[in-house]
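The numbers here are math on the coordinates, done by the rules we state, and not lab data. In this text the structure is predicted, and so the values were computed from the model without any measurement. In this analysis, Cβ positions are derived from the backbone assuming ideal geometry, glycine residues included, and neighbour counts consider all displayed protein chains.
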């Protein structure tokens, strides 16, 4: 998910660096108020020490997300200003208009070599989206927008990289994080960033991150970043492995006969045991922090309405046996 061209390191009077970055997605979930971003590039630390894909991404918990890519300065000044505008209450289109009118990273072709994807929660249960691809971004470059997402890329092997990302996002069931990973898998082809075609990989670094509504930046409920992979190893595969270890693990579930429902909720979960006995019940977040703990001898209903939106694990233990199930709180 990096480009096939060489990273341009150009010093301006302020000694900013320019870097090229490639395909990404920003999206929001209007049910959970999660905001997220994912992307990849063919640049790595051999190109510059901070040129991994995640430098294009900014999240505002409970509000929205911005990806600022193609030609960027290091640090990514346009991204930082866009994030401040989003935090200040501007809509995605207003944020974009400001970046096009006041470009704070003056490169060879000005706004012509910039690319943006911006999305937010409108406060009325909906989402707003804005995107831009400059006329001088390196081919193949374009963007696609939907109701709650923007997908953008440049230096692509084909425009199908973007359409396949869109298909992956829309056809993946589950949480926003799972849908973002679905989008990334849509781009998991050799040369998605055309610069990586000779190595037979899509890119050299990749990331996926989701901010839950009550997160405080930069501590997000999901923040995975893959950089500097060995030759021939695709970072999207490594990113998927990391993701699966956190949120998509299959747990043994036959040692304690129990039913937990619903698995997607915003208020309560019901726990029903087939056998009587003393059970220890706890709910942990994806980082392993214990959020709720309880003991019971009977079926029980747990109030989870006070927990932030996100992915959690219900863990039940009894006499050396155990049961774990993933739930989503929205």
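Here are the numbers for this structure:
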| read-out | value |
| --- | --- |
| FRET E, pair residue 301, residue 173, Förster distance 30 Å, beta-carbon r, rounded to 0.05 | 0.70 |
| Extension reserve of the residue 228-residue 216 stretch, reckoned as 0.36 nm per residue once the Cα distance is removed | 1.5 nm |
| For the range 249-328 versus the range 178-229, the gap between their alpha-carbon centres in whole angstrom | 30 |
| Helix-derived mean residue ellipticity, 222 nm - over the chain, DSSP H n ≥ 4, -39500 (n - 2.57), to 500 | -5500 deg cm²/dmol |
| Neighbour-count order for 296, 22, 137, fewest beta carbons within 10 angstrom listed first | 296, 137, 22 |
| Inter-site label distance for residue 140 and residue 108 at 7 Å from Cα along Cβ, in nm | 2.3 |
| Fully extended contour minus Cα-Cα distance, from residue 197 to residue 147, at 0.36 nm per residue | 14.8 nm |
| Neighbour-count order for 99, 318, 63, fewest beta carbons within 10 angstrom listed first | 318, 63, 99 |
| Whole-Å semi-axes of the ellipsoid equivalent to the range 154-255 (Cα gyration tensor, √5λ, descending) | 25, 16, 15 |
| Taking 21, 306, 143, 280 and counting other C-beta atoms within 10 Å, the order from fewest to most | 306, 280, 143, 21 |
